[in-house]
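**Q** Sending over a structure as structure tokens; questions will come in a sec.
The values are calculated or read from the model by the stated rules, or taken from the named source; none is laboratory data. All of these numbers come straight from a predicted model, not from anything done at the bench. Note that each Cβ is placed from the backbone with ideal geometry, even for glycine, and that neighbours are counted across all protein chains shown. Just the protein is used for accessible areas: all its heavy atoms, side chains included, with ligands, DNA and RNA removed. Shrake-Rupley method; radii C 1.70, N 1.55, O 1.52, S 1.80 Å.
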Amino acid sequence: MSWEMELDETLLEDLYIWIDSLPLSRPKKRIERDFSDGILIAEIIRYYLPDLIEMHNYTPANSLQQKKANWGILNKKVLSNFGLDLPDVIINGLSNGKPGLIEVLLFNLRLKIDEELELQQKLQQQQITTPRQSSLSYITSTTKTNQTNLLTNRSNKSIKSIKLTNLSIHKDISRLDYEEIKQECLQQQEDIEVLHAKIRRLEHVLQLKDIRISELSRAVEDSRPTRPTALKKK
């Protein structure tokens, strides 16, 4: 995940609408400050995936030390399993309310939550009879395969990566080359996820605008004065 990514106004507006729709313990006033202790992030995850979060592990805080402690626990127990591992410099920035960081985290967290819910739905549809793996461990064990399947036609290097991750490699390739190809595939997958998210958000915004246009059109029609009935000639 790139912490340098910039979200355009449409994506930010949609992100804020999503946050406002959730039953959080604090209203959104200054988002970088409201989320600085990690509590609201834990509440969002618990809202969608209650089995992953124990709220007693997190303490509402004003002190920088306790804020960092909350983020550390959240990072270790949950976020790292989502592929959203937070470096110390990012934890420090989030705890200090650095503008722009929390929006990037929320954007990517929303994508991961959507993926997790979709996976859970698929598992339920398959009616698995054997003891069910936790969704997060399932994601961890299949991440490479899913990523390479999505990137099959992207490039020859991606094809090599697929062969490596499926353990069907028949060529002698160095570890360095493997790591380089792997990183390229992960970056391509991240780019694809961002583009798909933008498409979904734009479609949602268009739907909202169509609804608004329809409402305004009806309001205009209702506000038009009716023509007076012509007087009959005597």
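**Q** How many of the residues in the range 28-69 are open to solvent by 80 Å² or more (accessible area, probe 1.4 Å), assigned to a loop (DSSP other than H, G, I, E, B) and under 19 Å from Leu105 (Cβ atoms)?
**A** Going through the range 28-69 one residue at a time, the tally reaches 3.
**Q** Note down all Cβ pairs under 7 Å where the first residue falls in the range 103-125 and is buried (at least 20 other Cβ atoms within 10 Å of the Cβ), the second is assigned to a helix (DSSP H, G or I) and polar (S, T, N, Q), and they're at least six residues apart or on different chains.
**A** If the second residue must be assigned to a helix (DSSP H, G or I) and polar (S, T, N, Q), the pairs left are Glu116/Ser135.
**Q** Could you list, in sequence order, all residues of the range 6-27 that are open to solvent by less than 40 Å² (accessible area, probe 1.4 Å) and either free of Cβ contacts under 8 Å to residues at least 12 places away in the same chain or closer than 12 Å to Leu105 by Cα (or both)?
**A** Passing the criteria: Leu7, Leu15.
**Q** Do we find a residue being under 25 Å from Gln183 (Cβ atoms), of a type in the set (Lys, Arg) and modelled with pLDDT of 90 or more anywhere in the range 54-68?
**A** So far as the range 54-68 goes, no, none of its residues is under 25 Å from Gln183 (Cβ atoms), of a type in the set (Lys, Arg) and modelled with pLDDT of 90 or more.
**Q** Are there any pairs, at least 6 apart or on different chains, whose C-beta atoms fall under 6 Å, with the first in the range 188-203 and in contact (Cβ under 8 Å) with a residue 60 or more places away in the chain and the second in a helix (DSSP H, G or I) and surrounded by 14 or more Cβ atoms within 10 Å (Cβ to Cβ), and if so, which?
**A** As it stands, the answer is Glu193/Leu111; Ala197/Leu111; Arg201/Leu11; Arg201/Asp14, since those pairs meet every condition given.
**Q** Answer yes if at least one residue in the range 83-91 is open to solvent by 60 Å² or more (accessible area, probe 1.4 Å) and of a type in the set (Asp, Glu), and no otherwise.
**A** Yes, the range 83-91 contains a residue that is open to solvent by 60 Å² or more (accessible area, probe 1.4 Å) and of a type in the set (Asp, Glu).
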